[in-house]
Amino acid sequence: MMKKLTLAIFVALVTAVAMAQGPGGGQRGPGGPGGPGGRGGQRMDPKARLQQMVKDLSLTADQTKKVEALQKKMMDTMTKLRSAPGDRSSKMDQFKKMRDEFNGGMKKILTPAQQAKFEKMQKERMNRRGGGGPGGPGGPGGKGGGAGTL
């Protein structure tokens, strides 16, 4: 009798954990608001992101070329930074500087109306990711204890 009760409790716990994770067992898969990779916080393919910006910001052909070059420069720098020795937290200042440079470059390319829309898009993207930057939810000093989102 005790074995059956223990087994029933174990099965109930396993079922509860599986149901809490939702479809897919908690694994990341294709789809989601952030594009490939599942969760909204995952990075979108650079070409897909560029096409999304072209569409959302109504970029001209000239602006598209400039944004693409800026994006490529940022991606190259990011790749080098990620492969450099050291842990991610030690590189956060460099990532922030790189992001600020990208945003400054975008400001030079976009019209004031496009810039306002771009900033709105970035805020929405950060909200989907669950980040808030330093001091925000998941950022250093934020609710997440500095570890960021999972």
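Kindly check whether there is at least one residue in the stretch 94-105 that is over 19 Å from Arg125 (Cα atoms) and either in contact with a strand residue (DSSP E or B) (Cβ under 6 Å, 6 or more places away or on another chain) or modelled with pLDDT under 90 (or both). Looking for residues that are over 19 Å from Arg125 (Cα atoms) and either in contact with a strand residue (DSSP E or B) (Cβ under 6 Å, 6 or more places away or on another chain) or modelled with pLDDT under 90 (or both), one finds at least one in the stretch 94-105, hence yes. Condition check: modelled with pLDDT under 70 and either under 19 Å from Met106 (Cα atoms) or assigned to a helix (DSSP H, G or I) (or both). Does Ala69 satisfy that? Answer is no for this residue. Of the residues that sit in the stretch 40-64 and are modelled with pLDDT of 90 or more and among the acidic types (Asp, Glu), which one is farthest from the chain's Cα centre (by Cα)? For the stretch 40-64, the residue satisfying everything is Asp62.
The values are calculated or read from the model by the stated rules, or taken from the named source; none is laboratory data. No experiment lies behind these values; they were computed from the predicted model shown. Positions of Cβ are generated from backbone atoms using ideal geometry, with glycine treated the same way; all protein chains shown enter the neighbour counts.
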